[in-house]
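Shown next, in structure tokens, is the structure this report addresses.
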Amino acid sequence: MATKETSGTTSPPIVELSGVGKSYGNIRALHGVDLTVSPGQVSCVLGDNGAGKSTLIKIISGLHQHSEGEFRIDGEPVRLGSPRDALDRGIATVYQDLATVPLMPVWRNFFLGSELTRGRWPLRRLDIALMKKTADEELRNMGIVLDDLEQPIGSLSGGQRQSVAIARAVHFGARVLILDEPTAALGVKQSGVVLKYIAAARERGLGVIFITHNPHHAYMVGDHFTVLRLGTLELSAARAEVGLEELTHHMAGGAELAALKHELAQVRGVDTDELPSASLGAQ
Amino acid sequence: MTMTQQAASAADAQSAPVPPSTDGRTAQRSPARRLLARPEVGVAVGAIAVFLFFFAVAPTFRQADSMATVLYQASTIGIMALPVALLMIGGEFDLSAGVGVVSSALTASMISYQLTQDVWVGVVVALVFSLAVGAFNGYLLVKTGLPSFLVTLGTFLMLQGLNLAVTKLITGNVATDSISDMNGFNQAKAVFSSDITIAGVSVKITVLWWLVFAALATWVLLRTKYGNWVFAVGGNKESARAVGVPVTFTKITLFMAVGFGAWFVGMHQLFAFDTVQSGEGVGNELLYIAAAVIGGCLLTGGYGSAIGTVIGAFMFGMVTQGIVYADWNPDWFKLFLGVMLLGATLINLWIRRQATRK
Ligand SMILES: Nc1ncnc2c1ncn2[C@@H]1O[C@H](COP(=O)(O)OP(=O)(O)O)[C@@H](O)[C@H]1O
Ligand SMILES: [Mg+2]
């Protein structure tokens, strides 16, 4: 079922932002941002804390509305009123800390908000057997094998939890998957697990928006890179146009980095010669 | 549907198909540990201990009609404790639940007495009133984002004041006039407050209603979409919203369920005693909350069960009556209740640690 789609195919973009901005009162969190997401493509959004990454994806996922610019889905300008609206159009978001309800069993989490039922109304009830079977199959399709779908999802590791949330979004027909810093709180191994599922989602033809402040993680799976700085576009480039070094440099804010290095040189005990030339700020 | 069937089907839900291969990161939980993960295990053990204790020290406790009295005591708390438990699983409290019972009874009594000669009119108006109080609590909560403790503390004080002031204004007294000679009284009494005989023992009908509501609550919690939403809005409201659970609807209807419970118990009191004392009910909201917590519901939401709450209320009934049968001064009751509450909370805490330990 996995149809390998390479970046650069001519399939029309699902989500397009042009000149999008958002103000919270008199705080201009985002201004003039362009972003395009096509099927089978991983589009990475990078930026330092406060750069506006979360604001950007909250607009796409229906939690906030943009206050300037245009947001198109399948070519049609939209304003999403709620996460449900976004879900109905095939845009699913996996939030770093909002992905799951920890004390609920894995299978209940998997179907939360889209439960399967059987029977007529007064007796309409959950189709538990079907839900467990489906959840198990979908998780296995994504390469996630759990021993016990009845265990509370909070007892899984962070990486596994994110992976279940990704599998869930894929199952419910997401065409665009948004991941907000899925690797930020994870160790090296767990991050690898999540990156693997991002690649798996791309293989299945989904468009992925991957938010991160780790250029190494972004470069491992990304087809397109957008770097935000203070709410505006710092860089927007396809994989072919940018290398990891350059990405890291933009991410860390080039000139500022040099200044920081200079400042650190004034502080006794910090050996700036040992610092890598451009990768400060990356893991 | 009986409780045993409920319990059996709840146990069914636990037997997940075991995948043949594992990823080697999560060890299979043992059956014992899975059993411990049920919210009602701790309280069941506690209830057996309390039962054996009074069985040993109070000979009267061993008679069948004493058990009927214990069950009746338990049911008057237990019927309200069920919606209070659902609300707690959904992450909220209702401090107005205790006086809400009396407000509902007063409404039915005074509407019937002042405006019509048929008690059913009062009963229906009281239902609408109680559901509206619940909806008001829920609406205020979701619109203001204030904690339910504050919102329902406000409603609690307002209802308490209304109960006293309006009753005094209309009847000139602290209690309502008797409605026992009005049309429909006997019918309504049959529904809310009759005695039925089971195997030669006279049992209050509220005991049956309590078990019916408990079965219904269990079914709703474990077997319906709505039940899934209740766990989700209590466990993590923001996640629930993000995956499309109607959080506002769920919270408001949970408060309305408490309103329904208050109406039902209020009607029981009205038709059991013919009149209503306007100052009663204060403090009972804490007993409902205690029954739910003793029954294994997590105070912070997202976890608990209806069966556990039933056993929690049953323990409450055993202690109330057990003290009487053992010929002790009833003044000791609250001390017992407090010890039980702390003990149950500690046991539940320990069990949950065991169950979710990786
Ligand atoms: N709800 C809000 N109200 C006011 N300001 C906000 C709100 N959310 C974010 N901001 C501001 O917008 C800017 C961008 O924040 P955010 O999008 O969360 O950045 P990032 O996710 O890249 O760290 C920050 O300066 C932040 O303080
Ligand atoms: Mg952020």
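The values are calculated or read from the model by the stated rules, or taken from the named source; none is laboratory data. Just so it is clear, the structure is predicted and the values come from calculations on it, not from any experiment. Cβ sites come from the backbone with ideal geometry, for glycine too, and all protein chains shown count toward neighbours. Accessible surface is based on the protein model in full, side chains and every heavy atom, while ligands, DNA and RNA are left aside. Shrake-Rupley method; radii C 1.70, N 1.55, O 1.52, S 1.80 Å.
Computed over protein heavy atoms with a 1.4 Å probe, the carbon and sulfur contribution to the accessible area of region B:141-194 reaches 64%. Size descriptors for the protein assembly as shown, from the alpha-carbon set: Rg then Dmax equal 29.7, 98 Å. Residues of region A:146-165 losing 40 Å² or more of accessible area relative to the isolated chain, 1.4 Å probe, heavy atoms only? For region A:146-165, once contacts with the other chains are taken into account, A:147, A:148, A:150, A:155, A:160 lose 40 Å² or more. Comparing each chain alone with all protein chains together (probe 1.4 Å, DNA, RNA and ligands left out), the residues of region B:201-229 losing at least 10 Å² of accessible area are B:219, B:222, B:223, B:224, B:225, B:228, B:229.
Can you work out D for region A:103-261 in µm² s⁻¹ from Stokes-Einstein, where Rh is the Kirkwood radius over C-alpha pairs, the temperature is 10 °C and the viscosity is 1.306 mPa s? Show your work: numbers first, answer last.
Values: Rh = 17.7 Å.
Value of D from the Cα-based Kirkwood radius: 90 µm²/s.
Phi-derived couplings, Karplus 6.51 cos²θ - 1.76 cosθ + 1.60 at θ = phi - 60°, listed residue by residue for region A:143-152: x, 9, 10, 10, 6, 8, 6, 7, 6, x Hz, with x used for Gly and Pro.
Note on residue B:331 and residue B:190: the model spin-label points, each 7 Å out from Cα along the C-beta direction, lie 4.6 nm apart.
For an R0 of 41 angstrom, estimate the FRET efficiency from the Cβ-Cβ distance between residue B:64 and residue B:150 and round to the nearest 0.05.
With a Förster radius of 41 Å, E is 0.35.
Think of chain B as a dipole: +1 on every Lys or Arg Cβ, -1 on every Asp or Glu Cβ, centred on the Cα centre; then among B:146, B:264, B:313, B:146 lies furthest on the positive end.
Hey, in the GNM for chain B with a 10 angstrom Cα cutoff, which one of B:66, B:278, B:104 fluctuates hardest? Between B:66, B:278, B:104, it is B:66 that shows the largest mean-square fluctuation.
Ignoring aspartates and glutamates fewer than eight residues from residue B:204 along the same chain, the ones with Cα atoms less than 20 angstrom from its Cα are B:65, B:195, B:274.
For the cross-link pairs A:132/B:225; A:133/B:225; B:143/B:251; A:133/B:237; A:22/B:143, the ones whose C-alpha atoms lie over 20 Å apart are A:133/B:237; A:22/B:143. Among A:197, A:24, A:219, the largest mean-square fluctuation in a Gaussian network model of chain A (Cα springs under 10 Å) belongs to A:24. Take the alpha carbon atoms of region A:198-228, find their center, do the same for region B:197-245, and report the distance between the two centers in whole angstrom. The distance from the Cα centre of region A:198-228 to that of region B:197-245 comes to 43 Å.
When its C-alpha radius of gyration is set against 2.2 N^0.38 Å (N residues), chain A gives a value of 1.08. Average accessible surface for region B:228-308: 28 Å² per residue, computed with a 1.4 Å probe over protein heavy atoms with every protein chain in place.
Taking B:296, B:161, B:138 in turn, the Gaussian network model of chain B (Cα-Cα springs below 10 Å) assigns the largest fluctuation to B:161. Burial annotation for region B:236-280: residues with an accessible-area loss of at least 50 Å² between the isolated chain and the complete set of protein chains, computed on heavy atoms with a 1.4 Å probe, are B:239, B:242, B:243.
For chain B, the square roots of the Cα gyration tensor eigenvalues, ordered a ≥ b ≥ c, give a/c of at least 1.5 with a/b no greater than b/c, which places it in the oblate category. By accessible area, using a 1.4 Å probe on protein heavy atoms only, chain A has 51% of its surface on carbon and sulfur. Remark: accessible area buried at the B-A interface is about 3400 Å², both chains counted, probe radius 1.4 Å.
Over chain B, what is the relative contact order in percent, taking alpha-carbon pairs closer than 8 angstrom and at least six residues apart?
35
Judged by the gyration tensor of its Cα atoms, with axes a ≥ b ≥ c, region B:234-358 is oblate; a/c meets the 1.5 cut and b/c is at least as large as a/b.
Residue order by solvent-accessible surface for A:188, B:174 is A:188, B:174, largest first, with ligands and nucleic acids left out and a 1.4 Å probe.
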